[in-house]
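Remarks on the structure that follows.
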Amino acid sequence: MQTQILKKAEMAIANYLNKEDALIFGMGFATNSTGIPSLISKGDLILSDSLNHASLVIGMRCSGAVTQVFKHNKPKDLESKLKQAIYTGQPKTGEPWKKIIIVIEGIFSMEGAMTKLRQMVELKKKYKAYLYLDEAHSIGAIGPNGKGVCDYFNVPTSEIDIMMGTFTKSFASAGGYICGSKALIETIRANSYSFFYDNPLSAGCCEQIVSSLDIIVNDPEGKIRINRLKENTNYMREKLIKNGFTVFGRKDSPIIPIMIYSIDKIGAFSRLCLNENVAVVVAGYPATPLFLERARLCVSASHTKEDLDKSIEVMTRIGRKCGICK
């Protein structure tokens, strides 16, 4: 069921990304886990980045398609698998794949790394594949206009076949979306379990999405906040590295992973920081590989320099106490 405000929110995000249509889901995880099976099925091939989010992995497993994994953010390995897939075709029969879909994230949620978007687009065009881009952590956060990695790398959104994102980060709401052509969205509406069995997003959440997009697009405050987020992110990243932390991810990425490398230290680091009123999110196996435990920091445009300096001072002192930084 679609309410008027839900339709308004769907058109707002579609227009923001220069796409024909959009479908909003009530939950970000379900956007991938139920959206992918509605588009991909048996006889299709998915080429998936090795560090894709669990929601993408669940969606691929439920689709019935064959999934092959390529090395994280390595276009050469992706191209090798594309060539092999086209040359050999489907297992047993050797028939051509019905379609090949490349699935990537804009910013990888545990790594803070940005996808090599230009190379990925070139490969999908060269080998006539489709590109599914998950922008859960990049939409509204990077690029001159906050439109995610396409905006950041100056790649037209028309080059991306399927654009997915969530509203739980930059838009302070709930749910997720898929944007694309009208034919694509109608296919999802006709086949997605979420569209039939889930409740639509509440009116309040939809209004929050519309209001946030209006600020980003039409209010000077929108770009001020986008620029401030970039400044805050890079300030914290540079200070943490200077203080001896091992920090993953790319400059300008709003995801800042501090490497802990020890499963027995993640709890201590989190609790000791919280005792000094600094809340940090820590992650270990199976969310990360064993012995690559980390704290994942997400900076806000609302943080002041005083907030950041206080957090850096506390994390550095406790990091040294726990043997995490030099």
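The values are calculated or read from the model by the stated rules, or taken from the named source; none is laboratory data. Every value quoted in this text rests on a predicted model; they were computed, and no experiment measured them. Here the Cβ is made from the backbone with ideal geometry for all residues, glycine too, and neighbour counts use every protein chain on show. When the accessible area is computed, the model is the full protein with side chains, heavy atoms only, and any ligands, DNA or RNA have been set aside. Shrake-Rupley method; radii C 1.70, N 1.55, O 1.52, S 1.80 Å.
Set the Förster distance to 30 Å, then compute FRET efficiency between K7 and E221 from the Cβ-Cβ distance, nearest 0.05.
Efficiency at R0 = 30 Å is approximately 0.70.
Would you mind calculating the relative contact order of region 45-181 from Cα pairs under 8 angstrom and at least 6 residues apart, reporting the percent as a whole number?
18
Which percentage, to the nearest 5, of the DSSP beta bridges contained in the chain is antiparallel?
Looking only at bridges with both residues in the chain, the antiparallel portion is about 55 percent.
To the nearest 10 Å², what's F248's accessible area with a 1.4 Å probe?
Surface accessible to solvent at F248 totals approximately 60 Å².
For the Cα atoms of the chain, what angle does the longest principal axis make with the long axis of helix 117-126, in degrees from 0 to 90, nearest 10?
10
Specify the inter-centroid distance of region 259-280 and region 92-163, based on alpha-carbon positions, in whole Å.
34
Report the residue, chosen from A268, A22, A141, that carries the largest GNM mean-square fluctuation when the chain is represented by alpha-carbon nodes joined by springs under 10 Å.
Ranking A268, A22, A141 by mean-square fluctuation puts A268 first.
May I ask which residue of S181, N234, M163 lies farthest towards the positive end of the charge dipole of region 148-248, with charges of +1 (Lys, Arg) and -1 (Asp, Glu) on Cβ and the Cα centre as origin?
N234
Based on the alpha-carbon gyration tensor of the chain and its eigenvalue square roots a ≥ b ≥ c, which shape applies: rounded if a/c is under 1.5, prolate if not and a/b is larger than b/c, or oblate?
Note, shape of the chain comes out oblate.
Excluding residues on the same chain fewer than 8 positions from K42, give the lysines whose Cα lies under 24 Å from its Cα.
K42 reaches K71, K81, K83, K92, K98, K99, K124, K125, K126, K128, K182.
Residue farthest toward the positive end of the dipole of the chain, with Cβ of Lys/Arg at +1 and Asp/Glu at -1: which of H137, Y193, T115?
Result: T115, furthest along the dipole toward the positive end.
Given the rule -39500 (n - 2.57) for each run of at least 4 DSSP H residues, summed and divided by the residues of the chain, what is its mean residue ellipticity at 222 nm, to the nearest 500 deg cm²/dmol?
So the helix-based figure for the chain works out to -13500 deg cm²/dmol.
Given the options E111, E221, E20, which has the most mean-square fluctuation in a GNM of the chain, springs set between C-alpha atoms less than 10 angstrom apart?
Of E111, E221, E20, the Gaussian network model singles out E221 as fluctuating most.
Roughly how many Å² is the accessible area per residue of the chain, as a whole number, for a 1.4 Å probe?
Here the per-residue accessible area is 47 Å².
Hey, got the dipole for region 139-226? About the Cα centre, +1 on K and R Cβ, -1 on D and E Cβ, debye to the nearest 20?
Rounded to the nearest 20 debye, it is 100 debye.
Just the number, please: carbon plus sulfur as a percent of the accessible area of the chain, 1.4 Å probe, no ligands or DNA/RNA counted.
54
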